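Notes follow once the structure below has been shown.
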Ligand code: 0GY
């Protein structure tokens, strides 16, 4: 066991320890398809190359939140503060009783044996992060080498990018030729009209590529109007849910890294779901059918 201790960033905002109980009752079998764990740092040290040092957010705290919100399962996505050391995430999978799947970060020198072990534990994807405040960009060949290694396992790529990245890298993303899941709708600027060219590019990308999925998550990161309604994000997320009902995913994003003003209440985030998936049929696809198709079949 590591005995290293970490001091969170001076401006770090801790996750909300007492979220409200959602009024929206999620359907049976619902999956929180985007969340993270942080450490605990003394067990699973943060990466030397990290760009932020968070508070701890453990496996058991994640499971407690899952149960409190009424979800059945989690998809845990590797957070950049852990670099390519996926130990904390794999520990969640190992103790989840098959109720968690994972999306890891690996380097091109990852071995077949390492990937096979991860698959066995429940990993189904790798994450490529293009957000420059979180990671230093890598050349296309770096990512392509990883894709060549994960393709035989049937995994997908989770992409976290901003609108300018889709403009620059869209052709490269298309050429990867594996399923793609986009984090947080590619971070649209919701102060712009719905029919702005950047958001239209995202929609076109999804229309042209039926292996592209989209997480309609993180209104808290995108909204200027704020909680509890996140009204300015609703039209964007709703448009994606209604046009691509079979390729949308949703997650809390707990423990909400790098929030600078306030941290969302996870119960209120769950209550946001019916405003973007407005019928029981859409809610069933978003929260149950789609994540089970991508992660448990
Ligand atoms: C998110 C968003 C953020 C952070 C990370 O891996 C990460 O560090 O994804 C962010 O700061 O926007 O999905 O958690």
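The values are calculated or read from the model by the stated rules, or taken from the named source; none is laboratory data. These numbers were taken from a predicted model, which means no experiment stands behind them. So basically every Cβ, Gly included, is an ideal-geometry build from the backbone, and we count neighbours across all protein chains shown.
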inquiry  = Return the residues of segment 124-147 that are in a strand (DSSP E or B) and within 16 Å of the ligand (Cβ to nearest atom); say none if nothing qualifies.
reply    = 125, 126, 127, 128, 129
ask   = Does residue 110 meet the test of being surrounded by 12 or more Cβ atoms within 10 Å (Cβ to Cβ) and closer than 23 Å to residue 212 by Cβ?
value = no
Cross-chain or 6+ apart pairs with Cβ under 7 Å, segment 245-260 first and closer than 29 Å to residue 209 by Cβ and within 8 Å of the ligand (Cβ to nearest atom), then outside any loop (DSSP other than H, G, I, E, B) and at pLDDT 95 or above = 253/34; 253/35
note = Among the residues of segment 222-244, the number that are in a helix (DSSP H, G or I) and within 16 Å of the ligand (Cβ to nearest atom) is 2
request  = Return the pairs, sorted by first residue and then second, in which the second residue is within 16 Å of the ligand (Cβ to nearest atom) and at pLDDT 95 or above, the first residue lies in segment 207-221 and is on the phi > 0 side of the Ramachandran plot and assigned to a loop (DSSP other than H, G, I, E, B), the beta carbons are less than 7 Å apart, and the residues are 6+ apart or on different chains.
outcome  = 218/184; 218/253
remark   = The correct count of residues that are away from the ligand (no atom under 16 Å from the Cβ), under 17 Å from residue 124 (Cβ atoms) and without any contact (Cβ under 8 Å) to a residue 60 or more places away in the chain in segment 178-197 is 1
request  = Please work out if residue 104 is in contact with a helix residue (DSSP H, G or I) (Cβ under 9 Å, 6 or more places away or on another chain), within 24 Å of residue 14 (Cα to Cα) and surrounded by 23 or more Cβ atoms within 10 Å (Cβ to Cβ).
outcome  = yes
query = Across segment 28-42, what is the number of residues that are outside any strand (DSSP E or B) and surrounded by 16 or more Cβ atoms within 10 Å (Cβ to Cβ)?
reply = 6
